[in-house]
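Q: The structure's right below; bear with me while I get my questions together.
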Amino acid sequence: MPPLPADPTVLHPMPDQPRVVLLKPLLTSPLIEAGDFSYYDDPDDPTAFETRNVLYHYGPERLVIGKYCALGTGIRFLMNGANHRMDGPSTFPFPTMGGSWAEHFDLITGLPGRGDTVVGNDVWFGHGATVMPGVRIGHGAIVAAGAVVTSDVPDYGIVGGNPARLIRTRYDAAEVARLLAVAWWDWPVQRITEHVRTIMSGTVAELEDAAP
């Protein structure tokens, strides 16, 4: 009997831990995408991820989260809808308050944006991290608890602080290139199942040897 893979379509992969949800079967917005097995953990209401954790998302930019990502409690993705004008004396969005102020709605449409927010595969977000609009976070990265990510994060980088700074990379440049070439997250799930121990605790060379 071959090893049995986990099921990426189950909302609660840990039946005794309702605080954990897989994002892919949860999401309904066409502007939010998550890959297989990426999960969010929250003791209050993890199923409210789209409204509580993805903020100011009025479109058209997208939030794309890769496979096998771990999202700690309280992570926030701020989207381009949070933008305010900064080229005049006031940043206040008067037209959104209604009344005759709404006649000036053109003043807050078409504000510059940074585009889609994209998270790679196998990214770990610590408790309470915040990701600003248009940021791209590389594969295998780690975002420390409480970090405010205002700029792109390299593959296998570890960032922390406000604003988040690169603390170090998990592997040297040559090893990162090898890991990206292996791209274990794209292996068939049965292959991943057979080599979980290598993926979690093996060397880069051992991971290469396990590749299909």
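Q: Counting just the residues of segment 164-180 that are part of a helix (DSSP H, G or I) and in contact (Cβ under 8 Å) with a residue 12 or more places away in the chain, which one comes out farthest from ASP36 (Cα to Cα)? Explain how you work it out, then say what you get.
A: Narrowing segment 164-180 to residues part of a helix (DSSP H, G or I): 173-180.
This time we only want the ones that are in contact (Cβ under 8 Å) with a residue 12 or more places away in the chain, so: 175-176, 178-180.
Numbers: GLU175: 25, VAL176: 22, ARG178: 23, LEU179: 19, LEU180: 18 Å.
This residue is GLU175.
Q: Here's another thing I want to ask about it. Scan segment 182-210 residue by residue and report those that are open to solvent by less than 30 Å² (accessible area, probe 1.4 Å) and within 23 Å of ASP172 (Cβ to Cβ).
A: VAL182, ALA183, TRP184, TRP185, GLY202, VAL204, LEU207, ALA210
Q: What about ARG165, is it basic (Lys, Arg), under 24 Å from LEU63 (Cα atoms) and modelled with pLDDT of 95 or more? Give the derivation first.
A: On the way: basic (Lys, Arg): yes; under 24 Å from LEU63 (Cα atoms): yes; modelled with pLDDT of 95 or more: yes.
Taking the combined requirement at face value, the residue satisfies it.
Q: So, one more: Counting only residues that are more than 32 Å from the chain's Cα centre (by Cα), of a type outside the set (A, V, I, L, M, F, W, C) and open to solvent by 30 Å² or more (accessible area, probe 1.4 Å), how many does segment 92-105 have?
A: The total comes to 4.
Q: What residue, among those in segment 131-147 that are open to solvent by less than 30 Å² (accessible area, probe 1.4 Å) and of a type in the set (A, V, I, L, M, F, W, C), is farthest from the chain's Cα centre (by Cα)? Give the derivation first.
A: Of the residues in segment 131-147, the ones open to solvent by less than 30 Å² (accessible area, probe 1.4 Å) are 131, 133-135, 137-138, 140-141, 143, 147.
With the extra rule that they be of a type in the set (A, V, I, L, M, F, W, C), the set shrinks to 131, 135, 137, 141, 143, 147.
Numbers: VAL131: 8, VAL135: 10, ILE137: 8, ALA141: 10, VAL143: 10, ALA147: 13 Å.
Selected residue: ALA147.
Q: Still on this structure, please answer the following. Under the condition of being assigned to a helix (DSSP H, G or I) and polar (S, T, N, Q), which residue from segment 181-212 is farthest from LEU4 (Cα to Cα)? I'd like the intermediate steps shown before the answer.
A: Applying the first criterion (assigned to a helix (DSSP H, G or I)) to segment 181-212 yields 181-182, 184-186, 189-194, 196-201, 204-210.
Next, from what is left, pick out any that are polar (S, T, N, Q): 190, 193, 198, 201.
Values: GLN190: 8, THR193: 7, THR198: 17, SER201: 20 Å.
The extreme case among them is SER201.
Q: Can I ask one more? For residues that are on the phi > 0 side of the Ramachandran plot and at pLDDT below 95, scanning just segment 106-130, find the one that is farthest from the chain's Cα centre (by Cα).
A: So the first thing to find is which residues in segment 106-130 are on the phi > 0 side of the Ramachandran plot, and the list is 110, 115, 122, 128.
Next, only the ones that are at pLDDT below 95 stay: 110, 115.
Numbers: GLY110: 25, GLY115: 15 Å.
Among those residues, the one meeting the criterion is GLY110.
Q: Can you name every residue in segment 152-162 that is under 17 Å from the mean Cα position of the chain (by Cα) and either of a type outside the set (Val, Ile, Thr) or modelled with pLDDT under 95 (or both)?
A: Initially, segment 152-162 is screened for residues under 17 Å from the mean Cα position of the chain (by Cα), giving 152-160.
ASP152, PRO154, ASP155, TYR156, GLY157, GLY160 - these are the residues of segment 152-162 that are under 17 Å from the mean Cα position of the chain (by Cα) and either of a type outside the set (Val, Ile, Thr) or modelled with pLDDT under 95 (or both).
Q: Could you look through segment 20-77, keep only residues that are part of a helix (DSSP H, G or I) and open to solvent by 20 Å² or more (accessible area, probe 1.4 Å), and pick out the one that is farthest from ALA129 (Cα to Cα)?
A: First, pick out the residues of segment 20-77 that are part of a helix (DSSP H, G or I): 46-52.
Then keep just the ones that are open to solvent by 20 Å² or more (accessible area, probe 1.4 Å); that gives 47, 50-52.
Working: THR47: 18, GLU50: 16, THR51: 16, ARG52: 14 Å.
For segment 20-77, the residue satisfying everything is THR47.
Q: What are the residues in segment 60-110 that are in contact with a helix residue (DSSP H, G or I) (Cβ under 6 Å, 6 or more places away or on another chain) and under 22 Å from ASP122 (Cα atoms), if any?
A: Those that are in contact with a helix residue (DSSP H, G or I) (Cβ under 6 Å, 6 or more places away or on another chain) and under 22 Å from ASP122 (Cα atoms): LYS67, TYR68.
Q: If you don't mind, there's one more thing I want to ask. Check segment 152-163 and report whether any residue there is among the β-branched types (Val, Ile, Thr), closer than 26 Å to ASP42 by Cβ, open to solvent by less than 80 Å² (accessible area, probe 1.4 Å) and in a loop (DSSP other than H, G, I, E, B). Talk me through it step by step, then tell me what you get.
A: Going through segment 152-163, the residues among the β-branched types (Val, Ile, Thr) turn out to be 153, 158-159.
The next check asks that each one be closer than 26 Å to ASP42 by Cβ; those that pass are 153, 158-159.
Then drop every residue that is not open to solvent by less than 80 Å² (accessible area, probe 1.4 Å), which leaves 153, 158-159.
Next, only the ones that are in a loop (DSSP other than H, G, I, E, B) stay: none.
No.
Q: Give the residues of segment 109-129 that are open to solvent by 40 Å² or more (accessible area, probe 1.4 Å) and assigned to a loop (DSSP other than H, G, I, E, B), sorted by residue number.
A: Scanning segment 109-129 gives THR109, GLY110, LEU111, PRO112, GLY113, ARG114, ASP116, ASP122, HIS127.
The values are calculated or read from the model by the stated rules, or taken from the named source; none is laboratory data. What you see is a predicted model, and the numbers here were worked out from it, not measured in a lab. Quick reminder, even Gly has a Cβ in these numbers, built from the backbone with ideal geometry, and neighbours come from all protein chains shown. We work out accessible area using only protein heavy atoms, side chains counted, and drop any ligands, DNA or RNA first. Shrake-Rupley method; radii C 1.70, N 1.55, O 1.52, S 1.80 Å.
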